[in-house]
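Let me begin by presenting the structure, written as C-alpha coordinates, before commenting on it.
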Amino acid sequence: MRKIIGALNMTIDGICDHTAGIPDEAIHMHYTELLQKGDAILYGRKTYELMTYWQTILENPSEEKTMNEFALAIDTIPKIVFSNTLKEINWKSASLSQNNLKEEVIALKKQSGKAILVGSRSLIIALLQLNLIDELQLCIHPMVEGKGLSLFENINERMVFNLVKHKTFTNGAIILYYQPKK
(Lines give C-alpha, C1' and ligand atoms only; values in the text may rest on other atoms or scores of the structure.)
Protein backbone atom coordinates (compact mmCIF):
# COMPACT_ATOMS: atom_id res chain seq x y z
CA MET A 1 0.00 0.00 0.00
CA ARG A 2 1.16 3.49 -0.80
CA LYS A 3 1.84 6.05 1.90
CA ILE A 4 -0.07 9.32 1.96
CA ILE A 5 2.32 12.08 3.06
CA GLY A 6 1.09 15.54 4.02
CA ALA A 7 3.98 18.00 3.60
CA LEU A 8 3.76 21.70 4.40
CA ASN A 9 5.89 24.66 5.38
CA MET A 10 4.78 26.63 8.39
CA THR A 11 6.05 29.27 10.78
CA ILE A 12 6.62 28.93 14.52
CA ASP A 13 3.16 30.43 15.11
CA GLY A 14 1.55 27.76 12.90
CA ILE A 15 0.92 29.85 9.79
CA CYS A 16 1.05 27.72 6.65
CA ASP A 17 0.32 30.29 3.99
CA HIS A 18 2.54 29.43 1.01
CA THR A 19 3.94 32.97 1.07
CA ALA A 20 5.17 32.63 4.67
CA GLY A 21 8.53 31.07 5.43
CA ILE A 22 12.16 31.52 4.50
CA PRO A 23 12.89 29.19 1.58
CA ASP A 24 16.52 28.77 0.67
CA GLU A 25 18.56 26.49 -1.57
CA ALA A 26 18.61 23.59 0.92
CA ILE A 27 14.83 23.70 1.40
CA HIS A 28 14.20 23.87 -2.35
CA MET A 29 16.54 20.90 -2.79
CA HIS A 30 14.74 18.95 -0.02
CA TYR A 31 11.33 19.45 -1.66
CA THR A 32 12.73 18.63 -5.11
CA GLU A 33 13.95 15.30 -3.71
CA LEU A 34 10.59 14.69 -1.99
CA LEU A 35 8.70 15.30 -5.25
CA GLN A 36 11.00 12.87 -7.04
CA LYS A 37 10.08 10.20 -4.44
CA GLY A 38 6.34 10.59 -5.10
CA ASP A 39 3.99 9.36 -7.79
CA ALA A 40 1.54 12.26 -7.50
CA ILE A 41 0.69 15.32 -5.42
CA LEU A 42 -2.81 16.33 -4.34
CA TYR A 43 -3.84 19.98 -4.32
CA GLY A 44 -6.92 21.99 -3.58
CA ARG A 45 -7.80 24.80 -5.97
CA LYS A 46 -6.08 27.63 -4.08
CA THR A 47 -2.78 25.80 -3.65
CA TYR A 48 -2.87 24.55 -7.22
CA GLU A 49 -3.31 28.12 -8.46
CA LEU A 50 -0.42 29.31 -6.25
CA MET A 51 1.83 26.53 -7.51
CA THR A 52 1.34 27.55 -11.15
CA TYR A 53 3.92 30.23 -10.28
CA TRP A 54 6.57 27.57 -10.93
CA GLN A 55 5.57 27.43 -14.58
CA THR A 56 6.95 30.97 -14.90
CA ILE A 57 10.30 29.77 -13.53
CA LEU A 58 10.38 27.10 -16.24
CA GLU A 59 9.76 29.79 -18.87
CA ASN A 60 12.18 32.30 -17.30
CA PRO A 61 14.73 30.39 -15.20
CA SER A 62 15.96 31.83 -11.93
CA GLU A 63 19.59 32.51 -11.16
CA GLU A 64 19.17 30.05 -8.28
CA LYS A 65 19.75 26.53 -9.62
CA THR A 66 17.68 24.84 -6.89
CA MET A 67 14.61 26.93 -7.77
CA ASN A 68 14.90 25.78 -11.38
CA GLU A 69 15.27 22.16 -10.28
CA PHE A 70 12.21 22.46 -8.03
CA ALA A 71 10.25 24.02 -10.89
CA LEU A 72 11.13 21.05 -13.10
CA ALA A 73 10.19 18.55 -10.35
CA ILE A 74 6.84 20.23 -9.65
CA ASP A 75 6.15 20.41 -13.39
CA THR A 76 6.91 16.72 -13.87
CA ILE A 77 4.98 15.13 -10.99
CA PRO A 78 1.32 14.36 -11.74
CA LYS A 79 -1.00 16.70 -9.87
CA ILE A 80 -4.55 15.77 -8.89
CA VAL A 81 -6.63 18.85 -8.14
CA PHE A 82 -9.78 18.86 -6.02
CA SER A 83 -12.06 21.75 -6.84
CA ASN A 84 -15.76 22.47 -7.06
CA THR A 85 -15.18 25.61 -9.12
CA LEU A 86 -12.42 24.85 -11.64
CA LYS A 87 -13.72 23.45 -14.91
CA GLU A 88 -10.39 23.02 -16.67
CA ILE A 89 -6.71 22.81 -15.83
CA ASN A 90 -3.96 24.41 -17.92
CA TRP A 91 -1.00 22.35 -16.72
CA LYS A 92 -0.15 19.24 -18.73
CA SER A 93 0.78 17.22 -15.65
CA ALA A 94 -2.39 18.16 -13.74
CA SER A 95 -5.91 16.79 -13.79
CA LEU A 96 -9.15 17.49 -11.96
CA SER A 97 -10.26 14.68 -9.70
CA GLN A 98 -13.48 13.06 -10.79
CA ASN A 99 -14.01 11.50 -7.33
CA ASN A 100 -14.41 12.91 -3.88
CA LEU A 101 -11.27 13.14 -1.75
CA LYS A 102 -11.94 10.03 0.33
CA GLU A 103 -12.68 7.79 -2.67
CA GLU A 104 -9.67 9.09 -4.61
CA VAL A 105 -7.20 8.64 -1.75
CA ILE A 106 -8.45 5.17 -0.82
CA ALA A 107 -8.10 4.10 -4.46
CA LEU A 108 -4.60 5.62 -4.71
CA LYS A 109 -3.49 3.93 -1.47
CA LYS A 110 -4.50 0.52 -2.85
CA GLN A 111 -2.33 0.89 -5.95
CA SER A 112 1.32 -0.09 -5.99
CA GLY A 113 3.92 2.60 -6.42
CA LYS A 114 5.61 5.45 -4.62
CA ALA A 115 4.09 7.79 -2.03
CA ILE A 116 1.24 10.17 -2.75
CA LEU A 117 2.02 13.67 -1.50
CA VAL A 118 -0.51 16.19 -0.21
CA GLY A 119 0.48 19.84 -0.41
CA SER A 120 -2.72 21.71 0.51
CA ARG A 121 -3.74 22.75 3.98
CA SER A 122 -7.42 22.01 3.37
CA LEU A 123 -6.72 18.52 2.02
CA ILE A 124 -4.35 17.70 4.88
CA ILE A 125 -7.02 18.72 7.40
CA ALA A 126 -9.69 16.66 5.61
CA LEU A 127 -7.42 13.61 5.31
CA LEU A 128 -6.40 13.83 8.97
CA GLN A 129 -10.08 13.83 9.91
CA LEU A 130 -10.58 10.75 7.68
CA ASN A 131 -7.53 9.02 9.23
CA LEU A 132 -5.93 8.73 5.79
CA ILE A 133 -2.61 10.52 6.44
CA ASP A 134 0.28 8.10 7.03
CA GLU A 135 2.91 10.77 7.66
CA LEU A 136 3.07 14.50 8.28
CA GLN A 137 6.21 16.36 7.26
CA LEU A 138 6.09 19.81 8.82
CA CYS A 139 8.88 22.21 7.89
CA ILE A 140 8.88 24.85 10.61
CA HIS A 141 10.57 28.10 9.63
CA PRO A 142 12.23 30.17 12.39
CA MET A 143 9.89 33.11 12.21
CA VAL A 144 6.56 34.40 13.50
CA GLU A 145 4.29 35.54 10.68
CA GLY A 146 1.59 37.00 12.91
CA LYS A 147 -1.27 36.53 10.45
CA GLY A 148 -2.52 34.05 7.90
CA LEU A 149 -3.88 30.53 7.71
CA SER A 150 -3.26 28.31 10.72
CA LEU A 151 -2.68 24.70 9.71
CA PHE A 152 -4.78 23.03 12.38
CA GLU A 153 -7.52 25.61 13.03
CA ASN A 154 -10.32 23.27 11.92
CA ILE A 155 -9.22 20.22 13.88
CA ASN A 156 -11.57 19.77 16.84
CA GLU A 157 -10.56 16.32 18.04
CA ARG A 158 -7.38 15.21 19.74
CA MET A 159 -4.84 13.50 17.48
CA VAL A 160 -1.60 12.00 18.76
CA PHE A 161 1.50 11.46 16.64
CA ASN A 162 4.89 9.82 17.00
CA LEU A 163 7.95 11.81 15.98
CA VAL A 164 9.87 9.38 13.74
CA LYS A 165 12.71 11.65 12.64
CA HIS A 166 13.72 15.24 12.01
CA LYS A 167 15.95 17.21 9.69
CA THR A 168 17.58 20.54 10.51
CA PHE A 169 18.58 23.16 7.95
CA THR A 170 21.37 25.71 8.34
CA ASN A 171 18.85 28.59 8.15
CA GLY A 172 17.23 27.31 11.36
CA ALA A 173 14.25 25.60 9.74
CA ILE A 174 13.47 22.08 10.88
CA ILE A 175 11.35 19.34 9.35
CA LEU A 176 9.51 17.15 11.81
CA TYR A 177 8.34 13.78 10.50
CA TYR A 178 5.27 12.50 12.35
CA GLN A 179 3.19 9.36 12.00
CA PRO A 180 -0.25 9.04 13.58
CA LYS A 181 -0.30 6.92 16.72
CA LYS A 182 -2.48 3.91 16.02
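Below are the figures for this structure:
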item: For the stretch 8-14, 3J(HN,Hα) per residue [Karplus equation, 6.51 cos²θ - 1.76 cosθ + 1.60, θ = phi - 60°, Hz, x = Gly/Pro]; result: 9, 8, 8, 9, 4, 8, x
item: Solvent exposure ordering (accessible area, 1.4 Å, most first) of M10, M143, M1, M29; result: M1, M29, M143, M10
item: Listed residue (I175, L136, I77) projecting farthest to the positive dipole end of the stretch 60-182, Cβ model; result: L136
item: Contact order normalised by residue count of the stretch 1-154, Cα under 8 Å, 6+ apart, percent; result: 48
item: Helix-only mean residue ellipticity at 222 nm for the chain, each DSSP H run of n ≥ 4 adding -39500 (n - 2.57), per residue, nearest 500; result: -9000 deg cm²/dmol
item: Cα-projected label distance for F152 with M29, points at 7 Å along beta-carbon direction, nm; result: 3.1
item: Accessible surface of the chain [probe 1.4 Å, protein heavy atoms]: carbon and sulfur percent; result: 51
item: For the chain, radius of gyration divided by Kirkwood radius, i.e. Rg to Rh on alpha-carbons; result: 0.94
item: For the stretch 84-98, 3J(HN,Hα) per residue [Karplus equation, 6.51 cos²θ - 1.76 cosθ + 1.60, θ = phi - 60°, Hz, x = Gly/Pro]; result: 9, 10, 6, 9, 8, 10, 10, 10, 3, 8, 10, 9, 7, 5, 9
item: Size of charge dipole - the stretch 52-182 - debye, nearest 20, with Cβ of Lys, Arg +1 and Asp, Glu -1, no other charges; result: 520
item: Computed label-point distance, nm, for sites K92 and K37 using a 7 Å Cα→Cβ extension; result: 2.7
item: Cut-off under 5 Å, modelled amide H: who pairs with L96 long-range; result: V81
item: Vicinal HN-Hα couplings computed from phi for the stretch 51-57 (Karplus, 6.51 cos²θ - 1.76 cosθ + 1.60; Hz; Gly/Pro x); result: 6, 5, 3, 5, 5, 5, 5
item: Cross-link reach list, aspartates and glutamates versus K109, counting only Cα pairs under 20 Å and skipping chain neighbours closer than eight places; result: D39, D134, E135
item: Residue-normalised accessible area of the chain, expressed per residue, 1.4 Å probe, Å²; result: 55
item: Mean separation of Cα contacts under 8 Å, 6 or more apart, over the residue count of the stretch 105-182: relative contact order %; result: 32
item: Exposed GluC sites (Glu not before Pro) absent: longest stretch of the chain, with sites in DSSP loops and at most 16 other Cβ within 10 Å deemed exposed; result: 89-152
item: Residues K102 and N162, FRET efficiency given R0 of 22 Å [Cβ-Cβ distance, rounded to 0.05]; result: 0.35
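The values are calculated or read from the model by the stated rules, or taken from the named source; none is laboratory data. This one's a predicted model, so the numbers in the text were calculated from it and none came from an experiment. As a convention, Cβ positions derive from the backbone with ideal geometry for all residues, glycine included, and neighbour counts pool all protein chains shown. We work out accessible area using only protein heavy atoms, side chains counted, and drop any ligands, DNA or RNA first. Shrake-Rupley method; radii C 1.70, N 1.55, O 1.52, S 1.80 Å.
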